[in-house]
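Below is one structure, written out as structure tokens; comments come after it.
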Amino acid sequence: MTETRTAIVTGAARGIGAATAQRLAADGLNVAVLDLDAGQAQPVADAITNAGGKAIAVGADVSDADSVEAAVSRVAEELGAPTVVINNAGIIRDNLLFKMTVDDWDAVMAVHLRGSFNTVKATQKYMVEAKFGRIVNLSSTSALGNRGQANYSAAKAGLQGYTKTLAIELGKFGVTANAIAPGFIQTDMTAATAERIGVPFDDFIKFSAEQIPVARVGQPDDIANTVSFFVGEAAGFVSGQVIYVAGGPKD
Ligand code: NAP
């Protein structure tokens, strides 16, 4: 029997992160449900515990290195060495370039890029020691360019380069790093986009589904299932990859 692994899923209070935390717990991992506010993450941890899994809710701001260090130490103590990290926490600060502020730019970079750097910096020693690790970074189809998302698309493209570098540096320690680039997934984030452009969410979903080859928008479980594959013991030879999970091909 393989040993029980411990995963940290960031931004796991809702949306894709919550589904991923629950999926990894169902796969048999201990899970730290990390989000800005531990109180918001608690119901997800409770759902896992009620289903027979092991989870704790952890409050931390991924963009803050000290906050992440403290969270990782707590996870190591309470759940075991965190050797699986899912960098899912994300924000959008969309605007056309001429209206985008430096704060909008910096905020998005801080959560997606610095956040993913902080979590891996803080956990890599556990992975190296265990000679096992799984890092999954949430990119986006926006990495290919998307109107109104100069900051977000740059961060999501940056995460792809970061992922490949982690794969190269950490591979010899049994650590894989991969990125998932979702298309339209039905969450609060896409609801916020619909609101910003002034379209009812249901109409936005219907219109988006018409552009997607499989004729539906994605659900958080579509991404959680893909994370589960990358995290599995059997995926040890898959590293440095970017998989577009978008209901159709992307370049
Ligand atoms: P979501 O529903 O907005 O959830 C994001 C979570 O991240 C929230 O719980 C949020 O907490 C948390 N978070 C934000 N900043 C944080 C920080 N500094 N530290 C810790 N947690 C933080 O988003 P989602 O749609 O599930 O997206 C999850 C990931 O997938 C993101 O990286 C997103 O960019 C990516 N993605 C999503 C889609 C999509 O269509 N939904 C497509 C492509 C990629 P608060 O609630 O407290 O703000």
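For the stretch 1-62, the alpha-carbon coordinates run over 35, 22, 17 Å along the three principal axes, in decreasing order.
Mind jotting down a quarter of the surface of the convex hull over the alpha carbons of the stretch 133-243, in square nanometres, one decimal?
Its average projected convex-hull area is 7.4 nm².
Calculated mean residue ellipticity at 222 nm for the chain: -15000 deg cm²/dmol, from DSSP H runs with n ≥ 4 weighted as -39500 (n - 2.57), summed, divided by the residue count and rounded to 500. Segment Ala26..Thr2, full-extension length gain: 7.1 nm, with 0.36 nm per residue of separation and the alpha-carbon distance subtracted.
Using r as the Cβ-Cβ distance of Gln219 and Asp106, and R0 as 35 Å, what FRET efficiency do you calculate, to the nearest 0.05?
Details: r = 31 Å, r/R0 = 0.90.
It comes to 0.65.
Can you give the relative contact order of the stretch 152-251 as a percent, counting alpha carbon pairs under 8 Å and 6+ residues apart? Write down the numbers at each step before the final one.
Details: 112 pairs, mean separation 41.0, N = 100.
Taking the mean separation of contacting Cα pairs over the length of the stretch 152-251, I get 41 percent.
The residues of the chain expose, per residue, 47 Å² of accessible area to a 1.4 Å probe. Over the chain, Cα pairs under 8 Å with separation of 6+ residues give a relative contact order of 18 percent. Taken along its three principal axes, the alpha carbon spread of the stretch 61-122 comes to 47, 19, 15 Å, from the longest extent down to the shortest. Of all the options Asn87, Asn178, Asn95, the one that moves most in a Gaussian network model of the chain with Cα springs shorter than 10 angstrom is Asn95.
Summary value for the stretch 165-218: 28 percent relative contact order, contacts being C-alpha pairs under 8 angstrom separated by 6+ residues.
Roll a 1.4 angstrom probe over the protein heavy atoms and tell me the percent of accessible area of the chain that is carbon or sulfur. List each step's numbers first, then the result.
Numbers: 6220 of 11750 Å².
Accessible surface attributable to carbon and sulfur in the chain totals 53 percent.
Over the alpha-carbon set of the chain, divide Rg by the Kirkwood Rh and report the Rg/Rh ratio to two decimals.
Numbers: Rg = 17.2 Å, Rh = 18.1 Å.
When Rh is taken as the Kirkwood radius, the ratio is 0.95.
At q = 0.15, 0.20, 0.22 Å⁻¹, what is the log10 ratio I(q)/I(0) for the stretch 87-160, with the Debye formula run over Cα points and no solvent? Debye curve over Cα of the stretch 87-160, log10 I(q)/I(0) at q = 0.15, 0.20, 0.22 Å⁻¹: -0.52, -0.79, -0.90.
The values are calculated or read from the model by the stated rules, or taken from the named source; none is laboratory data. All values derive from a computational prediction rather than experimental measurement. Ideal geometry is used to build each Cβ from the backbone, glycine not excepted, and the neighbour counts take in all protein chains shown. Remember, those area values only see protein heavy atoms, side chains included, never the ligands or the DNA or RNA. Shrake-Rupley method; radii C 1.70, N 1.55, O 1.52, S 1.80 Å.
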